[in-house]
Structures are given as C-alpha cells and as structure tokens.
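In what follows, a structure is listed as structure tokens, so that the remarks can point back to it.
We did not get these values from a lab; they are worked out from the coordinates using the rules stated. Computed from a predicted structure; not experimentally measured. Backbone-built Cβ (ideal geometry, glycine too); neighbour counts: all protein chains shown.
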Amino acid sequence: MAERKFGWGKRSENVLIGKSIPRIDAAVKATGAAKYTADTNSKGTLFARLLSSKHAAAKLTAIDLEAVKNLPGVKAVHAFKEVGDEIRWEGELIAAVAAERAEQAEDAVKALEATAKFEVLEHFVDEADVARAAFANRTKGLGKANKGDVEEALKTAKAVHKGFYGIHTISHMCLEPHGSHCEWKGDDLDVHLSTQSVSGTPSQFAEPLGIDASNVTVTANYEGGGFGSKFQADEWGIAAAKMAKEAGRPVRLMLDRATELKIGGTRPSGFIDVTVAADADGKVVAWDSIHWGTAGVGGGGVDLGQMPYPFDFPNVSKAQVGISCNTGPNRAWRAPPHPQLCAITQPALDDLAAKLKMDSYDFFMKNLVFTQHGKGEVYAEEMKIAAKEIDWKKKWHPRGKGAAGPVKQGLGMALHTWGGGPGACTCTLKIHPDGAVESFLGSQDIGTGTRTIICITMAETLGLPLEGVKVNLGSSKYPASAPSGGSITVGGVSGAHRRAAQTALWKLFDLVAAKYKVEADGLTAKDGNILNGKDKVCTWKQACALLGQMPLEVQGKGPEKDGLTSERVGGVQMVDLSVDTGTGLVRINKFVSVQDCGMIIDELTAKSQVLGGLIMGIAYALTEEQIMDNKTGRYINADLLNYKLPGIGDVGELVAIMYQPDSEYDRGVIGLGEPPVIAPGAAISNAVANAIGVRVPVLPLTPKRVLDALKGGQA
Amino acid sequence: MRDLSHPLSETAPGETGQGGSGFSRRAFLKGSGAAVAASVIATAVEESIAQEKKVQRVVAGKPTELKLDINGKSQTVTVEPRVTLLDVLRNDLNLTGAKEVCTTTNCGACTVLIDGKPALACAKFAVECLGKKITTVEGLNSGKELDDVVKCFVKHDATQCGYCTPGFMVATKAFVSANPGATLEQIRKGLGGNICRCGTYDGLAKAAVECVANAKKGGK
Ligand code: FES
Ligand code: FES
C-alpha cells in the first residue's frame, strides 16, 4: 500500500475550499436566534450591577455592604475592594450587587455608593507628554537597542528627516461587553462566558473558587466581539460565580458600557521622536528613535522590538520609555502592537520620501529590500496590484500639489506583516453508521467564521456537501483548543480537522476495499460517493454502514509540520481620500488592501476579515480614542456617543484583494484575523499628508488635529 | 459621524445627543430622581391614555401590570414604570434578539418596530408602549422562509460576531420597506444610526442594495 500522507488536495479539484461560501451561522445571527452570554436567561436569573471608582487614584476608606443587603430584590453582594485598598484607575471595581431585577441592583449600587468614602490620591493620565511624566516621576526606561553606526550614517546621508508621530490609546469596545452568566448545579459551575478562550478559562474560575476545573463548564456559543480582550475569567466573572453561590440562583453580570470602555481593555499608546535618513538613491540608511507611551498603571507601552516596522535598516538606534498612567490596563488588541508600530514608523518614512521629492510608491518599493521575513518580492507584487486598483500612477501628485479648491485629495500607502501560524487544537471527529458526520472541539467562533471553515474542511475532505457535516464547538467539555487570538485559529482548527477527516476516510476506504474487493489506494470520496478511479464503488452512506453499530471516532491534532499550515503573511494597503481644509474632515474615497495569507479556505469570510480590518483601521485612524481628562483623571468619552466609531456611510469604497497565486496555496493555511488592521493608520495618515501638504502627526486624525496641522503648516 | 437625520433618530427626540458618561436623561430617570421620573412618566402615560381609551392605569414608582402587544401576542409583565422596553424584551420575555449595547440611543443594536416604524428599545419605557404594536427581530423572522433581508445578509456576509446584526436586520427591513429602490447614498444615510465594531458595513451595504432592488421588483 502506498504511504498515506496528510496534505491538501489539488487546488483545481477543490469543490468547496477556496470558494466564496456564506458562513453557516449567518442566518441564526441575523434573525436574533443566536444566544450570546448576555442573552442567557435561565430560570431565576439575577441581574448584577457594579459600583466602580470615579477616582483615578484613591484609597477606599469606608464602605457599608450591610447597608444594601436588605434592599428590595437584593440577593447577593460582592466586594472587590476592602477598606484600605488602593484604587489605581477610574472604573476600577469596588463592589457588585445581584438582585431580582436590574433596576433593583442599580438602586442598591447607588445606595452603596452613598456609603463609600475615599481618600483621593495624586493621579497622572497624560500619556503623550513625556516631559511632564518624567517630572511627575512616572517614567521608566524600557530598554535600548543599537545596530550599525547611526551617527556615521547620518553624516553621509543625502536627506535627513526629523519628526514626531503618535497614536493614542483606544478601547476594544466589544459590542457585547465582558461578562458571564454563572449557575451552580450542586458543586458544578456552569459559566456562559463571553470569551475568546473556551478551553482556557475553566481553571481560571476553579482556582479562586476553590473547586476543581473539572467542576467547571465554560460555554460560548456566540461571542459579541473580543479583539484580544477576552481571554480571562476576570474578577467580575469570579464575582458572578460567588454571588450565584451566595444567592443560590444564577447570576448574569455584564459590564455596563462605560465600565466596559474603562476596564474591558485598551490598546497602548505610542509616541515617537525620530530621525531617519536616506541616501541619494532613496534607500534608508539610518533610523534613530526614542518612543514612549502607556499601557496603564504598570507603565509599559508599545514594545520596540519590531521598530522600525517592518523594516530592518542598516543602522538603527532606538530607545523606549514607559509612562505609568492611572488608566485601565491594556489588553491585547488585534495584532499587538503592530498597528501602533506601523502608525509611528511609516509616516516618518513617507515624510522622508517627500523630503527626497520621491513618489511614495517608488520610495517604498526601493526600500522593500529591507523588509523583514524575506517578504520583499511578495510585497512588490502586492504593491503593483494595489497601485493598479487604486490608479496610483494617474492619481499621484507631489505632497500638497493636488487640484486647487478647499477639498484636497491625496494618496497614501503602508505595508504590514504578521505570523498567523497555527495554534494548538485537538478535535474529535465522528462518522456515524448512518453517514452523519460531526466534530467536537473546545474552540470558539468569535465572528471569524471558524464554524464555517471547519465544515468546509470536513466536507471537502470527505466529499460531502456542506450540510452533510456538523461542528460542535464553544464548550470546554470538548477536546481542548487554543484561544482565538493572534490569528492562530484557522490554521489550528483546519489542520486538525483535515488530519482527522483524512484519517477517518482512510479507515472507511479500508472497509470499502475489503467489502467491494477493490484497492484502498485507488479510492476517493466525492459528491457523496466513494469512487475507484472514475467508477463509483458505493455511496457514502453505504460505506458508513460498514461501520456496524458503532460510530467511527478519530482524533485530529495540531499543529504538525506536515505542510497543512504555515505562517507569515504580508499585505499592502493604499488609500485615496479627501480632506476638507475648511472643516478638517477626512473622507475615505477608496481603500484597497492586497493581502497574502497562504491557502484560503473560504474567500468570502477571508475578505470579510480584511474589510473588517480596514474599517476598524479607519476608526482608529480618524475618530476613536480614549480621551482622559488630566484634571479629574477620568475617561471622559466612555460612551458610544463620544467615543466615535464610523457608521456605514463613513468608510468609502473598500476593495479586498486576496493575493493567491499557486505559491500561496502551496503554503497551506495561515491566519488572517490580525494583519489587515495593521496598516490603515499609517496609510491614511500618509494620504492626508499627501492631500494637504503637511503631516498631522498624531492619530486619530480628528478634524481639530487636521486644522491645527494646517495652521501650523501655513504659519 | 452618524447622521442624526436618520429615521431612527425620530424615535428619540430630545434623547439623541444626551447620552454620555456624565449624564443621561434616561439614566437620571432610571435613577434617584424618582419624583421627577414619575411626573415625566405620568405625562407620557397621559398622552397615551388620550390616544388609547382602553389603556390601563399606571401608578408611577410601583411595579404595575402591563399588557403589551409584542409580535402579535399579548404579553403581560409586571414592572416599574422606569423599566425600558429593552429590559422587558430581554429580561422579562427572553426576546434577546434586540441587544443592549449603549443604552444611550447611539448604536441601533436594540432596534425594534413600534407600530411599524423603527425605534430604539433602550429609549422607550415599557409603559410608553401600551397600546402599540411592537415587533422584534424574532417577530420579523417567525416565518418558515428566511426574510429577504436575512437572505441578503447571508449572501453578502453582513455579519461577523453578529452582535449588531439583529439591529441592522430590523433597521434594514424598515428602511427597505419604506424606500424600495433607494440609492447607495440613501442606504448609507438610512442605516447610519447603527454601529458595527467588527466592520461589516461593506457586506451590509451590498445586502441592502440587493434588498432595495428586490423590493422595487416587488413581491418581497
Ligand atoms: S442600545 Fe439602544 S441604541 Fe444602543
Ligand atoms: S458583527 Fe460584530 S459588531 Fe457587527
């Protein structure tokens, strides 16, 4: 018998893989039937509300939990802070109340608030002003790195540019806030958790509750957005479980919108002073930067490891300072920390190009030789495709030299990279004697299309229609699968399912071969039949009937080094936009993304990932930011009115082009969730500079910042 | 960013723009200003009594039995006048298609139809809805066949995490019914009151374009 090897089929023979296939759970979401954690209403569910701090820095000096325990409807109270405990950011949780009705819990929180007293301490929330931070003793050196000889290189450079750039902190703003529904059944705890980590969270509940992880079942059938912020049980999850125990009733505790924004996760800010230089040819010869920012009270910021992003120039010097701010702690935000690295690197490069009087396209093309991970040639191809789509050659004009009139059009580009290698995954695949196929895994579909690509993988492998296979995920009682973060899910789950399905199929082929007296080697599964060459041997159902009474159960595991998956993607984004120099308003006209990501399982959902990345990118490039009030230490726009997100009319024409020559198919499956959200900030900033002739140094490019830059630029 | 001339804004005159972390009229109503709340609600109730003679009497501040017409069924809940329609739908009736996202009229996730017009359930007290016909996303999707809006959402992948999607479904349904044959520009304005964090606007716009075209052809 020939050796049986895992692998993907010939691209030309795929029936489902690589096609555009609607996600299988779209209708259940669109009709409102999908039940999220926040929708969990088991009988007797109590509703929790939270008391959080209005101070950015304080000590809790008094609180009287007893005072509210007998208020109408109140069933349980939980203290996050004891008297004497310190509060380090606004929104930090102090206590929670669970009551029969939400409004009763709200009343109790208000009553509780009246009993709370604080000694207010000094706070600091200015993430951008490193001098002030140093004066306030809030800075900490986070390291330096050197390569080559920057000083020497600067001496001989043809053009030297010095600049300041920055990008403010943003929040994750998951539309379904963080939270859980906790219900005890004896010693067992059932948790519906809005999470990106179904398999990873049971032990996080078990330990603080003093039970075994085997007593905990975490369920997440649907999750309303996480973007990197939902990997933990979180103290409020533990609180829900404790209150449920105390009350002997299920408790649903979701963060309210303001608290979600304040403590549900933020993306660190990054600011940079940089000197960058190029030779007469336009090649960068030196990069010298110091950067700073905050990741919350712990200091930190944007790690400089990959600066200047994603280049490796001959001479580099860089240093980083972290600022400790009394703001909610950061959490991983889609592609950490690449969007910030990109947004503070590539505008500096683009300004250098302008100094050299070079077309940005030519400048970036020339410097692709310095890109990391050996992706230069792919970037070059992607740049050509993007430029053609956006009509770069025709639309390009030197900086600020567009048509006359108050509305200025401009072009900008940026490029990015990401790993996206497969995460750990185990799945159990069952083929029932009646031909039904299902798999089980403790993964989650956070909106990326995980269910869909798993079903496509199984159906393609087994020669069945999509409806012929079923996936069960979202429970920690299923075989363990990695958290969905870092774009590791698609590779992890598709690899494991391909292996499981191929293994199962080989077993079926052996049964068919024995029964029908054919060679197992020559068998294939297609269109619901088992074929020997071109001849039909039997139907899928007939083959499965050979199993007897018991289903065939196979485990698929990963990652393996068998070529089914790999890593390292890149992409190029180009944007055409208009800036109204009267109002400072930026409008996206057209936004093109060319992205490589290995073998694509579902082109429709892959493109959705890219389009979603562009839109999230437009949001942080133009409108969204955490605004802290220096005086009060408060997050003053922690609501959906003042935390500005674009609407359907604010994103312009979006074009997602998947770069997929056969060389990409041959790389196997690679994750795609993060990469498209990396470059929009830099691309948009560069296009605005091209349009108006001056750099708006700090993202988001709000009308005020655009107008300020115009004033400065004209002065 | 969002277009305040959007049809959904109509549902909340005086509410739009009053949200915010510091102060919102609704939070105030729901909170300690019970006396003020009572009088405001009393006014609202008087108005609805004037329109609908058979309406029940409501005692402000106390849980009151309300008979609401939801998805063609009469539903009885006993809630205080400060309880929003959204809370009643989600917490009392387990109709969780309408989502609670902002509670300040800024996202559209809680969109329902009241007497056939789109409205934000977070901006309505349940008592205000006495005598009105409330239709939720579940009500719009109770038929055997998928609604054309849902079909188009599926086809154009107008959903990712899906949390905003029911709100968009109801808003799109209302928009399409009122504006068959609308242009892309009109669609962008008409659906401008709904927010999606995952970034499904491209699929949503394509879906809506197909829906309005289908609606113009008629029959759908
Ligand atoms: S929850 Fe009602 S508009 Fe946002
Ligand atoms: S699909 Fe996630 S918020 Fe819209």
Burial-style ranking of B:89-100, A:63-74, A:350-361, average other-beta-carbon count within 10 Å with highest first, yields B:89-100, A:350-361, A:63-74
Restricting to lysines and to Cα separations under 20 Å from residue A:401, and discarding same-chain partners fewer than 8 apart, the set is A:355, A:357, A:393, A:590, A:711
Taking R0 as 30 Å and r as the Cβ-Cβ distance between residue A:136 and residue A:83, the FRET efficiency 1/(1 + (r/R0)^6), rounded to the nearest 0.05, comes to 0.60
Shielding of B:100-111 by other chains, given as the mean Cβ count within 10 Å, works out to 5
Note: the range A:320-378 at 10 °C, 1.306 mPa s; Kirkwood Rh on alpha carbon pairs; Stokes-Einstein D in µm²/s works out to 112
For the range A:552-680, the dipole about the Cα centre with charges only on Cβ (Lys and Arg +1, Asp and Glu -1), to the nearest 20 debye, works out at 440
Note on the range B:64-138: contact order normalised by length, alpha-carbon pairs under 8 Å, 6 or more apart, percent, works out to 38
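How do B:189, A:117, A:711, A:29 rank when sorted from fewest to most other Cβ atoms within 10 Å of their own Cβ?
Neighbour counts put them in this order, fewest first: A:711, A:117, B:189, A:29.
I need the GluC sites (Glu not before Pro) found in the range A:471-560, filtered to DSSP loop residues with at most 12 other beta carbons within 10 Å of theirs.
On the way: sites: A:519, A:553, A:560; in loops: A:519, A:560.
When the GluC sites (Glu not before Pro) of the range A:471-560 are filtered for loop state and at most 12 Cβ neighbours within 10 Å, A:519 remain.
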Phi angles of the range A:194-208, converted by Karplus (6.51 cos²θ - 1.76 cosθ + 1.60, θ = phi - 60°) into ³J(HN,Hα) in whole Hz with x for Gly and Pro, give 7, 9, 9, 9, 5, 6, x, 9, x, 5, 5, 6, 4, 4, x
Of the candidates A:159, A:213, A:613, the farthest towards the positive dipole end of chain A (Lys/Arg Cβ +1, Asp/Glu Cβ -1, centred on the Cα centre) is A:159
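Based only on other Cβ atoms within 10 Å, what is the fewest-to-most ordering of A:494, B:74, B:142?
Working: A:494 28, B:74 8, B:142 13.
Fewest to most other Cβ atoms nearby, the residues stand as B:74, B:142, A:494.
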Between the residues A:698, A:313, A:529, the Cα farthest towards the positive end of the dipole of the protein assembly as shown, that dipole coming from +1 and -1 charges on the beta-carbon of Lys, Arg, Asp and Glu, is from A:529
About its Cα centre, the range A:258-367 carries a charge dipole, from +1 on Lys and Arg Cβ atoms and -1 on Asp and Glu Cβ atoms, whose size in debye to the nearest 20 is 380
Residues whose modelled amide H sits under 5 Å from the amide H of residue A:46, counting only those 5 or more places away in sequence or on another chain, are A:251, A:252
Under 5 Å from the placed amide H of residue A:95, counting only residues 5+ away or on other chains, we find A:51, A:80
Residue by residue through the range A:108-115, the couplings from Karplus 6.51 cos²θ - 1.76 cosθ + 1.60 with θ = phi - 60°, in Hz, x for Gly and Pro, are 5, 5, 5, 5, 5, 4, 5, 8
Note on the protein assembly as shown, DSSP bridge orientation, antiparallel percent to nearest 5 equals 75
From DSSP H assignment alone, runs of 4+ in chain A each adding -39500 (n - 2.57), the sum over residues rounded to the nearest 500 puts [θ] at 222 nm at -8500 deg cm²/dmol
Given Cβ charges of +1 for Lys and Arg and -1 for Asp and Glu, the option among A:55, A:9, A:40 whose Cα lies farthest towards the positive end of the dipole of the range A:1-59 is A:55
Under the rule rounded for a/c under 1.5, else prolate if a/b exceeds b/c, else oblate, using alpha carbon gyration tensor axes a ≥ b ≥ c, chain A is classed as oblate
Scalar couplings 3J(HN,Hα) for the range A:559-575 by Karplus 6.51 cos²θ - 1.76 cosθ + 1.60 (θ = phi - 60°), nearest whole Hz, x for Gly and Pro, are x, 10, 9, 10, x, 5, 9, 8, 8, 5, 10, x, x, 10, 10, 10, 10
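Just how large is the dipole of chain A about the Cα centre, in debye to the nearest 20, putting +1 at every Lys and Arg Cβ and -1 at every Asp and Glu Cβ?
In debye, rounded to 20, chain A gives about 960.
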Check: in the range B:140-216 the Lys pairs 8 or more apart or on separate chains whose Cα atoms fall under 18 Å apart number 11
Going fewest to most other Cβ atoms within 10 Å around each Cβ, A:478, A:643 line up as A:478, A:643
Expressed as a whole-number percentage, the relative contact order of chain A with C-alpha contacts under 8 angstrom and at least six residues apart is 16
Rounded to two decimals, the Debye log10 I(q)/I(0) of the range B:64-138 (Cα scatterers, no solvent) at q = 0.18 Å⁻¹ is -0.59
Given backbone amide H placed at 1.01 Å from N, residues whose amide H is under 5 Å from that of residue A:76, ignoring those fewer than 5 places away on the same chain, are A:98
At the level of C-alpha centres, the distance separating the range A:408-485 and the range A:1-78, in angstrom, is 18
